[in-house]
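As structure tokens, the structure follows; a few thoughts come after it.
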There are 2 protein chains.
Amino acid sequence: MGIADEVLEANRRYAESFAKGDLSPAPARRFAIVTCMDARLDPMKVAGLEDGDAHVIRNAGAIVTDDVLRSLVVSHMLLGTQEALVIGHTGCGLEGVTDEQLRQRLAAAAGVDASNVTFHAFPRVRDRVRESVQRIRESPLLPASFGASGFVYDVRSGRLEPVA
Amino acid sequence: MGIADEVLEANRRYAESFAKGDLSPAPARRFAIVTCMDARLDPMKVAGLEDGDAHVIRNAGAIVTDDVLRSLVVSHMLLGTQEALVIGHTGCGLEGVTDEQLRQRLAAAAGVDASNVTFHAFPRVRDRVRESVQRIRESPLLPASFGASGFVYDVRSGRLEPVA
């Protein structure tokens, strides 16, 4: 059985006892989380969220890219969120490498030309989270009242540390 | 107590019984999910995932943007995933509107100039998921062997429907 079939089978079991069909699309706790795609980090559990509480935006590195700002504008403007929590994590694959190293690796391993790709690799996760928080605070697409704070999640201990 | 403090308090309880500090950064089931930030959709539960199983990438609309392709390249190249499941959903705030309407709304409500923002609004979620799957299949940054399939999640019933 392939992954898609496994997921559909698991979903059948989930849907059998599904009882949250009347949740509002607007997040009940009026905030958004921006975090990494990392498989070890489940933002619902890490941050104590219930279904319907918050928007969750995730990409490689928890980077506040243009696409994340797009998502936050939709989150705020259409669905009423008032702040964002940026959560980076220890042991991220984008920490301690450079974009140029990643491009060389892609070329060597797969013959792929990634010269046009900005990978957003970074030296230190704390600093990167602070930069991301700053980018939200300074965005002209969000009001000055929209809050932003930053955290680093330790994948070894399960703990969040505030950093911005 | 503000949101950040509430999240830190919930995290303290989570970390007290945390027992997954030795998970590998490489997803155990070697796939990635691309889905929407929607607060009603918990991909871990919807798709039956355990901690460590899969990468989870999320933005407004489950759109395969350049930033999502960047994340998928990192997911595949650095951490060994072999396929992506794109999961759109019913009742998405980006369905049935146009980017121009969103720009006008932002200007009228908040005086914000979003003329440079592509919101990726779409007429029908099924078609949008199919386009996103196609974009993964055609990306020169991922090998032809990298799989992609598409689903629509029904927020009323909890069910996933395969669409691509």
query = Dipole size in debye (nearest 20) for chain A around its Cα centre, Lys and Arg Cβ +1, Asp and Glu Cβ -1?
reply = 380 debye
query = Which of the peptides A:57-67, A:101-111 is most tightly packed, and how do the rest follow, judged by the mean count of other Cβ atoms within 10 Å per residue?
reply = A:57-67, A:101-111
ask   = What are the distances, in nm and sorted shortest first, from the label point of B:Tyr14 to the label points of the same position in each other copy, with each label point placed 7 Å from Cα along the Cα-to-Cβ direction?
value = 1.7
remark   = Taking the alpha-carbon centre of each part, the distance from the stretch A:119-164 to the stretch A:1-26 in Å is 31 Å
message = Run through the stretch A:45-112 and list the GluC sites (Glu not before Pro) located in a DSSP loop whose Cβ has at most 16 other Cβ atoms within 10 Å.
response = A:Glu50
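Residue by residue through A:97-107, how many Cβ atoms from other chains fall within 10 Å of the Cβ on average? It would help to have the intermediate numbers written out before the result.
Values: counts 1, 0, 0, 0, 0, 4, 0, 0, 2, 6, 0.
Average per residue, whole number: 1.
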ask   = From the label point of B:Val97, set 7 Å from Cα along Cα→Cβ, how far away are the matching label points in the other copies, in nm, ordered shortest to longest?
value = 3.7
query = B:Asp66 label points, 7 Å along Cα→Cβ, one per copy: pairwise distances from this copy to the rest in nm, shortest first?
reply = 0.5
inquiry  = Just to verify a number: what accessible area does A:Val112 come out at with the full protein assembly present, 1.4 Å probe, Å² rounded to tens?
reply    = 20 Å²
message = Ignoring everything except DSSP H segments at least 4 long, calculate the 222 nm mean residue ellipticity for the protein assembly as shown; use -39,500 (n - 2.57) per segment, divide by total residues, nearest 500.
response = -11000 deg cm²/dmol
ask   = If you take every DSSP beta bridge whose two residues both sit in the protein assembly as shown, what share of them, in percent to the nearest 5, is antiparallel?
value = 15 percent
key: Two-site label geometry, A:Arg137 and A:Ala10: point separation in nm, points 7 Å out along Cα→Cβ   = 3.8 nm
remark   = By accessible area (1.4 Å), largest first, B:Ser149, A:Ser24 order as A:Ser24, B:Ser149
Probe 1.4 Å - accessible area at B:Lys20, Å² to nearest ten = 80 Å²
task = Determine the equivalent ellipsoid of the protein assembly as shown by diagonalising the alpha-carbon gyration tensor, then write out the semi-axes as square roots of 5 times the eigenvalues, largest first, rounded to whole Å.
result = 25, 24, 22
Per-q log10 I(q)/I(0), the stretch A:76-141, q = 0.29 Å⁻¹ (Debye; single scatterer per alpha-carbon; no solvent) = -1.20
query = Counting pairs of Cα atoms in the stretch A:1-79, how many percent are more than 15 Å apart?
reply = 67 percent
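How much of the calculated P(r) for the stretch A:23-163 lies past 20 Å, in percent of all Cα pairs? Spell out each step's value before the answer.
Values: 4795 of 9870 pairs.
The calculated P(r) of the stretch A:23-163 puts 49 percent of pairs beyond 20 Å.
The values are calculated or read from the model by the stated rules, or taken from the named source; none is laboratory data. All of these numbers come straight from a predicted model, not from anything done at the bench. Quick reminder, even Gly has a Cβ in these numbers, built from the backbone with ideal geometry, and neighbours come from all protein chains shown. For the accessible areas, the whole protein counts, side chains as well, though only heavy atoms, and no ligand, DNA or RNA atoms are used. Shrake-Rupley method; radii C 1.70, N 1.55, O 1.52, S 1.80 Å.
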